[in-house]
Amino acid sequence: MKMLRLLVVLLSLLPGAAYAADLGQARISLIKGDVQIYTSDTQDWVAASINMPLQEGDRIWVPEGARTEIQLRGGIYIRLGSATAFDLVQFQEEAFQFYLNGGHAYVNNRKGGIDQIQIDTPLSSVRCYDNTLLMVDVMQDGSTDVAVIKGYAAAESREGTTRIEAGTTLHLGADMAAEISPLPPPDQWENWNRERDRKLAQSNRSLRYVPEELDDYSHDLDDYGRWVYVTDYGYCWTPLNVAVSWAPYQVGRWVWRGADYVWISYEPWGWAPYHYGRWSFVANVGWCWVPPSIGAVYWGPGYVGWVHTPTYVGWVPLAPGEIYYGRGYYGPWSANITTINRTVVQKYRNINARNGVTVVNRTTFQTGRKEPVRVRGNLFRATNIEAGPPVIRPTRATSMPVIRDIPAAKRPPERVRRISVNEIRQERSLVREEKGSAFKGGRPAAEMPVRKRNEPQPMIRERHPALPTQQPVKGGRATPRSERQQPAPPSVQPAAPAVQPAPTAPPAPPAARTTPAPAPVPQSVKPEKPRQQEAPRQAPPQVRGGSQKLTPRPERGAPREPRWQEPLPGAGSAAPPAPAAVRPEVQRPSRPASAPAQLPAAERPAVQRQETPAPSRPQQPMHRRELPGR
């Protein structure tokens, strides 16, 4: 009878569990301002939060003075500027479909990312492919600009389709008239995105210690933590600048998402360490994240062990080798079981660690509002508990990633509210063939009539800025920024003075009659104005449209630190040899001497204040600490 009851519970949870398992494909990786989101769980616009998982059907609104960044699997980034309405329409194996109703979107589908990204607008459908950088801007009347910085894109309207090469911009007006022109000088929005791309591309220290599936999150690990050597597990990651009483799964909240409770961390690095791998408390170091072993990289809603009572809900981070019991399958170290024996949770190793157990009131668990709770003893050792995920009916507050009120002026307008993602999915098909049509059900589209211009045209962003206006801006938006950016490329600036003296040679004698001294002054000022017009004709298509080293994807098979491999459940005898095989190879002084050079100098003092490495091993890399018993 018990087995029959368990089978019924499992069958009833399978559809929801499969739905929750798809949440690892996209997340909000950066957020500034009152960004809002509409989901099927909230059925309303609520405040968004960093590290919130995204799925099909979600809608994002970025009000004036705000911006956000979406990270997709494969290391793809989509950034949204002010007054932007962005909908997630479809997620397929090698293709994503979005809808940009208005505003500004910057797409970085770097090399090795995904085969195709389709962004539909009210009047067009834009498709970009692997190794592409482009910007899409849409006005309220539907007029669209598609600027391709790298790679190429295909744009389609009801008049037909055309190809947009790197270094050019397609202007599609509300009357369906199409024009192609060179890229204008970069403005503040583009410069901010390019600088963000460069910063993300420079993060590579953590690539040595994580499996290839987690390479895209090395930026978070590099910026907010360090790697230490742990005897039992090899190199582990520990966060920096946290309180002494800090413990995992405490800064954030559990949100009902995809028919399951999912952990949303408010810490900027809180994606990979909370949805992959396990945690361990190490003496003299503190809490350390143990990345998953090769072949066991599975996204999860939050790898914790659960207990609950009629009054409280408690959880503890799972240690390496401990099975996650919850709704759905999340790899070999998980079980699709929600009711387990109490003796199982009492054996969790981290329940005895410092601040390892977190206990909240059931009301707090639902509303997300922190309230102090005092529980006598360890809740995991109590006798009146139920083990397993809490069975709490979700409410509207339970589905909100963060409890925060949004000013009425920042709410999405009515034209954004009345959009239906289901209607967009029915009207615009996801086109996988390059010559297919999103307007004609995948049938081949005709050639779009396009007028070509030789001079850059004003961008939509100039009339509707994509960044907050609090920053110092002169009267015009594009012109001052282009003047400041012109001296940036050294390959273009020296060439301009060599070209300018030829046309200005005739006026030179009259200037020499007056006095020779002032002549160099106007000569140094004059080239800037003509250069501002000549640069877009030649330099932008070469410098901005030809860069092939913007955000390189880490090469597969790159050298990595040998790691402890978690044995599969049931193979208990295989566990001890694994660490033993790793420990001698990492511990020997024959380690490459170049490893410490990868650490920035600014980080070393912070690590040295916390560690006292043994004087006999000064050459050890990554500032790992010596643990007792080594």
What dipole magnitude, in Debye to the nearest 20, does segment 312-373 give about its Cα centre under +1 on Lys/Arg Cβ and -1 on Asp/Glu Cβ? 100
Any residue on another chain or 5+ positions along whose placed amide H is under 5 Å from the amide H of TYR324 is listed here as SER334, ALA335
For LEU134, what residues show an amide H to amide H distance below 5 Å, using hydrogens built from the backbone and excluding near sequence neighbours? VAL107, ASN109, ILE149
Output the relative contact order of segment 52-106, whole-number percent, from Cα pairs under 8 angstrom with separation of 6+ residues. 34
Within a Cβ distance under 12 Å of ARG163, other residues only, what is the Lys/Arg minus Asp/Glu net charge? -2
Filter the cross-link list LYS111/LYS199; LYS111/LYS150; LYS111/LYS440; LYS150/LYS199; LYS370/LYS410; LYS32/LYS410 down to pairs whose alpha-carbon distance in this structure exceeds 22 Å. LYS111/LYS440; LYS370/LYS410
From the phi angles alone, apply the Karplus equation (6.51, -1.76, 1.60; θ = phi - 60°) to segment 310-319 and give each ³J(HN,Hα) in whole Hz, x where the residue is Gly or Pro. x, 10, 10, 10, x, 8, 9, x, 6, 8
Three-way shape call for segment 129-233 based on the alpha-carbon gyration tensor, with the a/c threshold at 1.5: prolate
Do any trypsin sites (Lys or Arg not before Pro) in segment 357-448 lie in a loop, going by DSSP, with at most 15 other beta-carbon atoms within 10 Å of their beta carbon, and if so which? ARG369, LYS370, ARG374, ARG376, ARG396, ARG404, ARG418, ARG432, LYS435, LYS440
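Taking a cut-off of 15 Å, what percent of all Cα-Cα pairs in segment 325-390 are separated by more than that?
The share of Cα pairs beyond 15 Å in segment 325-390 comes to 62 percent.
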Set the Förster distance to 30 Å, then compute FRET efficiency between ILE403 and VAL375 from the Cβ-Cβ distance, nearest 0.05. 0.80
For ARG163 and VAL242, extending 7 Å from Cα along the Cα-Cβ vector and measuring point to point gives, in nm, a value of 5.1
Summing +1 per Lys or Arg and -1 per Asp or Glu among the other residues with Cβ less than 13 Å from ASP34's Cβ gives +3
Rounded to the nearest 20 debye, dipole of segment 392-449 from Cβ charges on Lys, Arg, Asp, Glu: 320
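Tell me the relative contact order for segment 325-454 as a rounded percent, counting alpha carbon contacts under 8 Å between residues six or more apart.
Values: 94 pairs, mean separation 21.5, N = 130.
Once normalised by length, the contact order is 17 percent.
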Restricting to aspartates and glutamates and to Cα separations under 19 Å from LYS347, and discarding same-chain partners fewer than 8 apart, the set is ASP232, GLU322, GLU386, GLU566
Amide H of TRP287: which non-local residues (sequence gap of 5 or more, or other chain) have their own amide H closer than 5 Å, using H built in the peptide plane? VAL282
Distance between modelled label sites at ARG418 and GLU386, nm, 7 Å Cα→Cβ extension: 4.6
Around LEU88 (Cβ within 15 Å, Cβ-to-Cβ, excluding LEU88; K/R +1, D/E -1) the net charge comes to -1
ASN355-SER40 pseudo-label distance in nm [points 7 Å out on the Cα-to-Cβ vector]: 3.7
Convert each backbone phi in segment 114-127 into a coupling constant with the Karplus relation 6.51 cos²θ - 1.76 cosθ + 1.60 (shift: θ = phi - 60°), then list the ³J(HN,Hα) values in order as whole Hz, x for Gly and Pro. 9, 4, 8, 10, 10, 10, 8, 10, x, 10, 8, 9, 10, 10
Based solely on C-alpha atoms, express the radius of gyration and the Dmax of segment 260-314 in angstrom. 13.2, 40
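FYI, it's all coordinate maths here, none of it is from the lab. Since the structure is predicted, the reported quantities are computational estimates derived from the model, not experimental observations. No Cβ is skipped: glycine too gets one built from the backbone with ideal geometry, and neighbour counts run over all protein chains shown.
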